[in-house]
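Heads up: the structure comes next, in structure tokens.
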Amino acid sequence: MHQAWSYQHAIQQAQIQLEHESAKLEAEILLCHLLKISRAQLYTWPERELTDQQANDFFDLIAQRQQGQPIAYLTGQREFWGLNLQVNPNTLIPRADTETLVEIALQKATAYTQPKLLDLGTGSGAIALALASELNQAVIHAVDYSADALTIAKSNAKQLNLSIKFHHGSWFEPIVDQDFDIIVSNPPYIESDDLHLNQGDLRFEPSQALASGVDGLDDLRLIISQAKTHLNPQGWLIVEHGYNQAQAVADLFKQSGYQAVELITDLAGQPRVTIGQKP
């Protein structure tokens, strides 16, 4: 017998299948994405019926979510700094914690009329695009080692009509002859044997964008030591790191001769970002 699925009925069934506290919200997000409607429309017509194809597609998405696939990869998008960004399994999913790094960079940028900024390991372009959306006069460069991630970042820049100079390569290699006022990075900083890499969304995100050696500091060491040769005098390096790495990162900054080294906490009060200034 043919099973008729109203919007409401489909959401209820999905909730039973997902059985976690945000199940209803996730089911609504996925159904709205599939039908290309707003949640307001979902609430207005709860009795409207899905076609057989729509019902199949919806429950296919729910099954993938049950396996742990991140919502952002299932919908192909994630909001960051008020911008709607495309994401896929070649890019990290931008997280609200990283908006702290954007805020600090914007504060530092006010000292310049035409600041020149560099975003290392840009991924979906989230940080660079957030900065570009606020700094009309800035020149912003962004580097990533993954050609696939850069394809997404360029597409995001085009869609948002924001100008970024993208470079393909490892950290400073593609911009050897350039100097900047501000360098920002949210590099991989998880310990390579951290159990969290096998849990939640992290299982599906690109491991090379998450893990960085036994203590998680390999990429941060390289960035902190090399950034000085690419910063203008009084220029700033701003990096995100793990909550338990604050002391180690501050030590790396000091060993490399930065001044005004400061730790900044995110909205949850966790140590999240460290900054330092080139003398």
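The values are calculated or read from the model by the stated rules, or taken from the named source; none is laboratory data. Keep in mind it's a predicted model, so treat the numbers as computed, not measured. In this analysis, Cβ positions are derived from the backbone assuming ideal geometry, glycine residues included, and neighbour counts consider all displayed protein chains.
Give me a count of the residues in segment 207-244 that are modelled with pLDDT of 95 or more, farther than 16 Å from Ser170 by Cα and surrounded by 15 or more Cβ atoms within 10 Å (Cβ to Cβ).
The number of residues fulfilling the criteria is 9.
Out of (1) modelled with pLDDT of 95 or more; (2) surrounded by fewer than 17 Cβ atoms within 10 Å (Cβ to Cβ); (3) in contact with a Gly (Cβ under 9 Å, 6 or more places away or on another chain); (4) closer than 30 Å to Thr265 by Cβ, the odd one out for Leu85 is which?
Unmet for Leu85, out of (1) modelled with pLDDT of 95 or more; (2) surrounded by fewer than 17 Cβ atoms within 10 Å (Cβ to Cβ); (3) in contact with a Gly (Cβ under 9 Å, 6 or more places away or on another chain); (4) closer than 30 Å to Thr265 by Cβ: (2).
Determine which single condition Ala4 fails, assuming it passes every other condition in (1) out of contact with any Asp or Glu (no Cβ under 7 Å at 6 or more places or on another chain); (2) in a loop (DSSP other than H, G, I, E, B); (3) among the aliphatic types (A, V, I, L, M).
Every condition holds for Ala4 apart from (1).
Just to be sure I understand the filter: pairs with C-beta atoms under 6 Å, separated by 6 or more residues or on different chains, first member in segment 32-48 and under 20 Å from Ile62 (Cβ atoms) and modelled with pLDDT of 95 or more, second member surrounded by fewer than 13 Cβ atoms within 10 Å (Cβ to Cβ) and not aromatic (Phe, Trp, Tyr). Which pairs pass?
Cys32/Arg39
For segment 30-52, state whether one or more residues are part of a loop (DSSP other than H, G, I, E, B), of a type in the set (Lys, Arg) and at positive phi.
Within segment 30-52, the subset part of a loop (DSSP other than H, G, I, E, B) is 36-38, 45-48, 50-51.
Remaining after also requiring of a type in the set (Lys, Arg): 36, 48.
Still in the running and at positive phi: 36.
Within segment 30-52, one or more residues are part of a loop (DSSP other than H, G, I, E, B), of a type in the set (Lys, Arg) and at positive phi.
I need every pair where a residue in segment 105-126 that is over 22 Å from Gln159 (Cα atoms) has its Cβ under 6 Å from the Cβ of a residue that is at pLDDT 95 or above and of a type in the set (Asp, Glu), sequence separation at least 6 or different chains.
Between residues of segment 105-126 that are over 22 Å from Gln159 (Cα atoms) and residues that are at pLDDT 95 or above and of a type in the set (Asp, Glu), the close pairs are Leu106/Glu134; Tyr112/Asp181; Pro115/Asp181; Lys116/Asp181.
So which residues in segment 120-154 are more than 22 Å from Leu210 (Cα to Cα) and small (Gly, Ala, Ser), if there are any at all?
Ala132, Ser133, Ala138
Restricted to segment 131-167, and to residues that are small (Gly, Ala, Ser), surrounded by fewer than 16 Cβ atoms within 10 Å (Cβ to Cβ) and touching a residue at least 40 places away in the same chain (Cβ under 8 Å), which residue is nearest to Arg78 (Cα to Cα)?
Ser155
All but one of (1) at pLDDT 80 or above; (2) surrounded by 14 or more Cβ atoms within 10 Å (Cβ to Cβ); (3) of a type in the set (Gly, Ala, Ser) hold for Gly200; which doesn't?
Every condition holds for Gly200 apart from (2).
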